[in-house]
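Comments concern the structure below.
The values are calculated or read from the model by the stated rules, or taken from the named source; none is laboratory data. Computed from a prediction, not measured in an experiment: that's the story for all the values here. Note that each Cβ is placed from the backbone with ideal geometry, even for glycine, and that neighbours are counted across all protein chains shown.
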Amino acid sequence: MAIWCMIVVKIAIFTLIALLVSVGMLTPSYAHTTVEVEQYKIEAGWGIEPPVVGIRNDIVFKITESGETEGTYRGITSAFQNLAATVMYGGASKNIDINSDPKPGYYYSSIIPTKTGSYLVDLQGEIRGVIVDIQIPIEDVESTSILDFPPTSSEGSTDVSALKNAISSLQQDVSKLKSGETTTSSNGGASYDFAIFALSIAAASIILAIIALLKRK
């Protein structure tokens with residue numbers, strides 16, 4: 001009975017992994033970060049997402065305050081007149097020049113990220129008399145492998161290998177059931193047929209996941 005429980009758990013785990021991979025639910029998501037400094041909302045992030053090492057990008061800002069009616073906002077012009085911006089990575093930092101976008105409240109600074117990992121934007125100064133002293137994390141910079149075509153590395157092969165190992169493990173369970181080494185329960189045929197059917201579904205799900213993963217590479 002213990003072996004049967006282990007098989008059921010294994011089926012559930014492998015099938016879930018297969019479904020997650022096949023529908024792309026393991027893909028990271030990206031978003032800008034918004035902080036509030038008194039009446040102002042300051043949003044920061046990358047102009048192009050995901051940001052990729054070695055490719056020109058922009059650190060973009062949106063600075064707004066609430067409008068006269070509920071649910072509206074207005075952009076703050078000349079927000080960086082007395083506000084300095086510094087981009088930080090580990091122990092390195094660089095003061096960046098801020099350009100105004102034609103749309104009020106929008107700003108940007110062009111940059112080529114040279115390393116993968118986490119970046120911060122440090123803002124020091126004031127906006128129309130309101131003191132600003134904040135650090136805003138922005139999206140992690142990724143390696144070029146997410147854009148490479150044709151693929152230049154075997155990235156993703158680990159996932160495929162893990163799924164193939166899962167199939168092998170399931171096949172071993174089926175063999176044990178057929179040989180009589182493992183029993184399902186005392187009622188014989190019905191439990192055996194159900195076990196084989198469940199294992200087959202899990203194996204098929206994993207195979208479909210491998211195909212979907214390979215098509216994305």
Determine, yes or no, whether Trp4 is of a type outside the set (Gly, Ala, Ser), surrounded by 14 or more Cβ atoms within 10 Å (Cβ to Cβ) and at pLDDT 85 or above.
no
If only one of Gly67, Gly45, Gly54 is surrounded by fewer than 16 Cβ atoms within 10 Å (Cβ to Cβ), of a type outside the set (D, E, K, R) and touching a strand residue (DSSP E or B) at 6+ places or on another chain (Cβ under 9 Å), which one is it?
Gly67
Matching residues in the range 36-64 - criterion: being over 19 Å from Ser109 (Cα atoms) and either β-branched (Val, Ile, Thr) or over 30 Å from the mean Cα position of the chain (by Cα) (or both):
Val37, Glu38, Gln39
Restricting to the range 26-54, and then to whatever is modelled with pLDDT of 95 or more, in a loop (DSSP other than H, G, I, E, B) and small (Gly, Ala, Ser), can you tell me which residue is nearest to Gly129 (Cα to Cα)?
Gly47
Which of the numbered conditions does Glu68 fail, given that it passes all the others? Conditions: (1) touching a Gly at 6+ places or on another chain (Cβ under 7 Å); (2) free of Cβ contacts under 8 Å to residues at least 40 places away in the same chain.
(1)
Just to be sure I understand, how many residues within the range 123-141 are on the phi > 0 side of the Ramachandran plot and not in a loop (DSSP other than H, G, I, E, B)?
1
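Scan Ala162, Ala92 and give me the residue that is at pLDDT 95 or above and either in the same structural domain as Ile55 (by TED's automatic domain parsing) or surrounded by 13 or more Cβ atoms within 10 Å (Cβ to Cβ) (or both). Steps first, please.
On the way: Ala162 fails: at pLDDT 95 or above.
Exactly one residue qualifies, and that residue is Ala92.
Any idea which of Thr69, Thr77, Thr86 is of a type in the set (Val, Ile, Thr), more than 19 Å from Glu142 (Cβ to Cβ), at pLDDT below 95 and in the same structural domain as Glu126 (by TED's automatic domain parsing)?
Result of the check over Thr69, Thr77, Thr86: Thr69.
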